[in-house]
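I have placed the structure first, in the form of structure tokens, so that the comments after it can refer back to it.
The values are calculated or read from the model by the stated rules, or taken from the named source; none is laboratory data. Predicted model only: the values in this text are computed from it and were never measured. Accessible surface is based on the protein model in full, side chains and every heavy atom, while ligands, DNA and RNA are left aside. Shrake-Rupley method; radii C 1.70, N 1.55, O 1.52, S 1.80 Å.
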Amino acid sequence: MTTDRPRVLLVDDHDLFRAGARSELGDAVEVVGEADEVAAAIELIAERLPDVVLLDVHMPDGGGQAVIEATKRDHPQVLFLALSVSDAPEDVIAVIRAGARGYVTKTISGPELIDAVLRVAAGDAVFSSRLAGFVLDAFAAMPSAPPATFDPELDQLSPREHQVLRLIARGFTYKEIAQELSISVKTVESHVSSVLRKLQLSTRHQLTRWATERRLL
């Protein structure tokens, strides 16, 4: 790996954001590809073996955590920098646990983004200043976390899917969930579809009953 001009793969489902990131990064890196969905990202990472993947946390078909989990074992040399509009605790912890080397929000400036990518390429862990203290506190508190549920169905859900499931069970609409979690309605719909698929359910009514039976309200 070269740390003076790392090879970077951009993964985000918004064309305008990828174009903006490419423009901001300029000649500081070599952009070796772009992907707008999880499957394409996994394929490109295996094919081009970038030094750093600049990775959106939320995408309709699974998001950054799914990309990392699918590629980290076979390509441990590839480093991941999560970039998201969300600074929600569960999003940060989930993607860092999956193996990301850093997490910054999309309010980051161009020079700060370049610095973050170069630092991750050099092996550093990088977080937006607002998140750094939170990440340390969260991981320090992990030993006192509640014991695992050992529910094989529930445990297959991501932290964000847990949140969406509970809000659905409480009767929130998709729009209300989007407002509560500061995400788009489209993202809520994607999470609900993923939960239904994982739990092998077909309707929102079945989902609500499933959550109620397990006292997830």
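Descriptive notes on the structure:
- Most fluctuating residue given options A94, A41, A121, as computed from a GNM of the chain linking Cα atoms under 10 Å: A94
- Here's the list of lysines a cross-link from K106 could span, going by alpha-carbon distance under 21 Å and ignoring same-chain residues fewer than 8 apart: K186.
- Among D51, D74, D115: highest mean-square fluctuation, GNM of the chain, C-alpha pairs under 10 Å: D74
- Surface per residue (accessible, 1.4 Å probe) for the chain, Å²: 51 Å²
- With Cα atoms, 0 to 90° folded angle of helix 129-140 axis to the chain main axis: 60 degrees
- Amide hydrogen neighbours beyond the local backbone of V31, cut-off 5 Å, H modeled: V8
- Seen against the Cα atoms of the chain and their longest principal axis, helix 185-199 is set at about 60 degrees.
- Carbon + sulfur, % of accessible area of the chain - ligands and nucleic acids excluded, 1.4 Å: 52 percent
- Estimated vicinal HN-Hα couplings, Hz - segment 57-69 in sequence order (Karplus 6.51, -1.76, 1.60; Gly, Pro = x): 6, 10, 9, x, 10, x, x, x, 4, 5, 5, 4, 5
- Most fluctuating residue given options H191, H58, H14, as computed from a GNM of the chain linking Cα atoms under 10 Å: H14
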